[in-house]
1. Rounded to a whole number, what % of the accessible area of segment 372-515 do carbon and sulfur atoms account for, probe 1.4 Å?
2. Using the Karplus equation 6.51 cos²θ - 1.76 cosθ + 1.60 (θ = phi - 60°), what ³J(HN,Hα) coupling, rounded to whole Hz, does each residue of segment 516-527 give in order, writing x for Gly and Pro?
3. With every protein chain in place, what's the accessible area of residue 530 (1.4 Å probe, Å², nearest 10)?
4. With a 1.4 Å probe and all protein chains kept in place, how much accessible area does residue 448 have, in Å² rounded to the nearest 10?
5. Solvent-accessible area per residue for segment 432-573 at a 1.4 Å probe radius, Å²?
6. With labels modelled as points extended 7 Å from the Cα through the Cβ direction, what inter-label distance (nm, one decimal) is found for residue 207 paired with residue 388?
7. If each residue of separation counts as 0.36 nm, what is the full-extension length gain between residue 533 and residue 373 once their alpha-carbon separation is subtracted?
8. Starting from the Cα-Cα distance between residue 417 and residue 525, subtract it from 0.36 nm times their residue separation and give me the gain in nm to one decimal.
Amino acid sequence: MATSFPLPVTQDLSTLRAKLQGLLQFLRQALSISNAHTVDFYTESVWKQLVDLPPETVLGVLRRSAAETEAEARPSEARLLAEAEMGSGITNFPQIFCETSQKLVSVEAFALAVRYYSVQNLGICTPFEQLLAALRGNQKQRTGENVKPDEFMNLKKSHEVQVMSELISSIADYCGIKQVIDLGSGKGYLSSFLSLKYGLKVYGIDSSNNTTHGAEERNRKLKKHWKVYHSRSKLDANGLALKMAKERKVQDEIKYKVDIEGICNNSPANQGKISTSDFLPDFSDSVISNIRTQVENLHVYSHQEENLCFENTFSLRDLLPINAVEPTSLQTSERKMSEANKERRKMISKSNESNIYSPLTSFITADSELHDIIKDLEDCLMVGLHTCGDLAPNTLRIFTSKSEIKGVCSVGCCYHLLSEEFENLHKESTQDKWGFPMCHYLKEERWCCGRNARMSACLALERVAVGQGLSTESLFYRAVLQGIIKECYGITKCDQHVGKIYFKSSSFLDYVRKSLKKLGLDESKLPEKVIMDYYEKYKPRMSELEAFNMLKVVLAPCIEALILLDRLCYLKEQEHIAWSALVKLFDPVKSPRCYAIIALKKQQ
């Protein structure tokens, strides 16, 4: 690594496994709630099977729990959370589920357990600011160009790209690395930003050719916009010095006379002894200092952002009075400068070829050979912003198996698309690398979440906004429709999706008719009265569905915590990994999938 500043201390494998064991103990009973499908809520009598409480009680407690902050937690809850934090875990909690029926009997204890087993309260996260400070050491923050990415992307994406690119740049500097591989690069926002702002050589790999083609066009437009923005910003930053120089020109033409020939004939050694004040006697020391600072900043800025091809820098000669240099000397100098600039532009153009974003199309698996995809592969970082399904765990596997990849920063999403090793044991499969589980402990436990539970994990927020998301009415419509399909058409299992018909329907009757038509069922055989009778039959039980869906939502962060702990434990099990951590990168209100898995390898 390029520097030797210690990174934050993280929890070791044994501590993480202990937390994982406690979480599993809770989920063994709670997972039945996550895996129940609201489509089958009435046809399978889900509430009666899983909950032994009135829906009004569940709704009241969960709403109150969601409104309470940790500081406002009741003394009894605060004491139980403190005891759990000391290591006793769920064993000190009140009884949550009935031992015989396995039904939920205490929603208060359920809400308390969910709070404890969220990522935030498990204490497994490394603070983002602490990590950045350690990566930078005593170096100044590398800010790059002061540009607003929300000018070319939405606020959510802008927030994600700014935060993650800052971290990746810091990791690259820490490791002395210039090459980055962005897996699942999509539209190329992160890749383009890393390349243009921080001068990193980025390969963005996506499985969709249409996506990478669009990313190329977007990157081209972004570069054009960036150049205009950069030029404007640079002119604004140096406007003061230019204005000062122009204001002095008229005065200097009258008052300022200097024997430029004598100066030009001085030897290089003698020239080095002449101070700026000798050239500019009518300028105050503060003015000269200001001009010198502007020029120095401009040249430093040009070197830092050389990959952007901005060469409109000004020499001290540009700021001198017009009669400070003889015309013949000026013309000769400019001719030489013109030739030098041509050569410099050629050099910069060649250099820029290594500091660009290159979109590539390839389907990435854990066994992908990167040398076949990237011909000039070198020591690099592998990153992924919201890598979908198995791509997130495969990113970690590629990182651990390829010597060229020195670090990884992965933010996953779409948990419902993960492949699970122990989900369909009755089906034969040739797949040997699964999305879940990854770590030895969960493999030994043969743990399976199930698709519905993983789907509910996608609802996870750092602070759950209870009652938001899919409206209760849309869920209610679909659950009642399932009853109609089962009882009127004899179809006990309907795996087809009706999609977003709810949002295109004017009423329940309209919803049912449109849905039946989409499912290929004869809707004309059902009179309006029959359809509305089903609506009236289940409407009094709508609160059950609302309460149950709320249970699923508040449980979602625990499913996400399990998936993230699995990935972190996997990295901790690898002997050649020097450091690994879970970091909350984003504001969860702006970006619900806010957690990143970060790891660095040991120095060779």
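The values are calculated or read from the model by the stated rules, or taken from the named source; none is laboratory data. What you see is a predicted model; the values in this text were computed from it and never measured. Every residue, glycine as well, gets a Cβ built from its backbone with ideal geometry; the counts of neighbours run over all protein chains shown. Note: areas computed on protein heavy atoms with side chains; ligands, DNA, RNA excluded. Shrake-Rupley method; radii C 1.70, N 1.55, O 1.52, S 1.80 Å.
1. Values: 3230 of 6650 Å².
The computed percentage sits at 49.
2. Each residue of segment 516-527 in turn: 4, 5, 5, 7, x, 9, 6, 7, 6, 6, 9, x Hz.
3. 50 Å²
4. Around 40 Å² of this residue is reachable by solvent.
5. Details: 6480 Å² over 142 residues.
With all protein chains present, segment 432-573 gives 46 Å² per residue.
6. 0.8 nm
7. On the way: separation 160, 0.36 × 160 = 57.60 nm, distance 6.06 nm.
So the chain would gain 51.5 nm between residue 533 and residue 373.
8. Numbers: separation 108, 0.36 × 108 = 38.88 nm, distance 3.74 nm.
Between residue 417 and residue 525, full extension yields an extra 35.1 nm.
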